[in-house]
Amino acid sequence: MTPRNNESEDSLLGDSIDDNLKLKITSKDPNWKPLNNIVWRNVIWYLLLHIGAIYGFSLAYVQAKWFTLVYALILGQVSFIGVTGGAHRLWSHRSYKATFPFRLFLIICNTICGQNSIYDWCRDHRVHHKYSETDADPHNSNRGFFFSHMGWLLCRKHPLVIACGRKIDLSDLLEDPLVVFQREHYLKLFFILGFIVPALIPTLIWSESLWTSFWVCSVARYCSQLHRTWLVNSAAHMWGYRPYDKSIASAENAIVSCLTLGEGHHNYHHTFPWDYSTSEWGWSLNVTTMVIDLAQKVGFVHDCKTVPKEFVNSRCNRTGIKRE
Ligand SMILES: [Zn+2]
Ligand SMILES: [Zn+2]
């Protein structure tokens with residue numbers, strides 16, 4: 001592990017924005033309203049997805065085999081590592097380094113989750129960290145729970161999100177052939193890995209009906225995974241404790257931590273975004289940290305960045321809840 005105590009994300013976040021843009025980044029621009037910028041294609045897609053997910057949950061309750069339910073839960077959690085350990089901790093924050101086989105595993109998991117290509121996800125996430133709770137933040141929580149949860153995906157981006165996104169340095173992502181390949185073939189890969197393969201496995205191995213398998217393991221599993229991720233942008237930016245930095249919106253949210261198995265330590269994460277563990281509590285309710293640590297033990301992962309305890313304590317005393 002590589003302890004760091006004075007690193008900021010600026011090296012990953014590109015040049016600072018010019019003064020003209022800086023002036024425009026306010027907490028809320030009254031002239032830009034989500035309702036005037038709706039993308040109806042996305043509204044219809046998410047509406048159909050949610051109707052399908054409700055149907056999938058009803059099939060899970062009344063007729064899916066036990067094996068199918070267990071498989072859907074395991075697939076949901078394993079593939080979620082592709083977002084938490086892949087798109088987030090590895091590719092967005094570069095908080096650790098990984099070998100090609102582990103990156104391949106992560107990118108397959110990430111594609112199953114279907115949250116846009118890693119390239120797009122990282123651009124939005126780096127902008128989110130740099131301009132949190134402003135109009136340049138793609139899921140600005142000052143616009144309310146629904147907007148930061150999923151509303152931001154139903155409307156055109158605020159012009160400042162686009163302008164600031166263009167300023168973010170993403171050259172490191174273009175140096176990774178896996179990220180480039182996924183970006184070029186994203187929709188095909190997502191359709192195959194996110195919908196077809198998850199539905200075929202229960203049918204081929206334990207004779208689940210393809211109809212049930214599709215609605216439970218592909219549609220309902222996918223939709224519930226989206227909400228688990230979105231809760232980090234919405235609930236964990238609104239409610240919870242702020243022991244590390246009281247001045248920021250992101251919070252330690254226990255419910256989000258339980259639902260995501262470890263991604264709710266969000267006040268810590270925004271205060272120390274380079275820490276590969278996104279929390280100071282190690283394996284305590286943090287499945288992604290467990291996976292990264294185990295991968296490190298067998299040589300797939302190295303250079304995990306951490307924050308020394310004394311540095312965390314002094315930061316808490318300075319900007320959060322005093323510890324001494
Ligand atoms: Zn982050
Ligand atoms: Zn955040």
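No value in this document is a laboratory result; all are computed from the given coordinates. Note that the structure is a prediction, hence the values are computed from the model and not measured. Cβ coordinates were reconstructed from backbone atoms using ideal geometry, including for glycine residues, and neighbour counts include every protein chain displayed.
Overview of results
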| read-out | value |
| --- | --- |
| Above-threshold pairs, the threshold being 22 Å between Cα atoms, out of LYS167/LYS305; LYS97/LYS297; LYS246/LYS309 | LYS167/LYS305 |
| With Cα atoms, 0 to 90° folded angle of helix 66-81 axis to the chain main axis | 30 degrees |
| Filtered trypsin sites (Lys or Arg not before Pro), segment 179-257: DSSP coil and at most 14 other beta carbons within 10 Å | LYS246 |
| Sum of side-chain charges, SER79 neighbourhood, beta-carbon under 13 Å (Lys, Arg +1; Asp, Glu -1) | +2 |
| Using alpha carbons only: equivalent-ellipsoid semi-axes of the chain, gyration tensor based, whole Å | 31, 24, 19 |
| Cα long-axis angle, helix 100-113 against the chain (0 to 90 degrees, to the nearest 10) | 70 degrees |
| Selection from THR288, CYS258, PHE105, by position along the positive dipole direction of the chain (Cβ) | CYS258 |
| Calculated FRET value between LYS322 and PHE191, using beta carbons and R₀ = 30 Å, to 0.05 | 0.05 |
| Net charge over other residues, Cβ less than 12 angstrom from the Cβ of THR289 (K, R count +1; D, E count -1) | -3 |
| 0 to 90° range, to nearest 10: angle between helix 309-319 axis and the chain longest Cα axis | 70 degrees |
| Fully extended contour minus Cα-Cα distance, from ILE205 to ASP120, at 0.36 nm per residue | 27.1 nm |
| The chain, relative contact order in percent, only Cα pairs under 8 angstrom and at least six apart counted | 25 percent |
| Mean ellipticity per residue at 222 nm, deg cm²/dmol - from DSSP H runs of n ≥ 4 across the chain, formula -39500 (n - 2.57) | -15000 deg cm²/dmol |
| Segment 175-324 - percent relative contact order, Cα under 8 Å, separation 6 or more | 15 percent |
| Label-point gap, in nm, between GLU184 and TRP40 - each point 7 angstrom along Cα→Cβ | 3.6 nm |
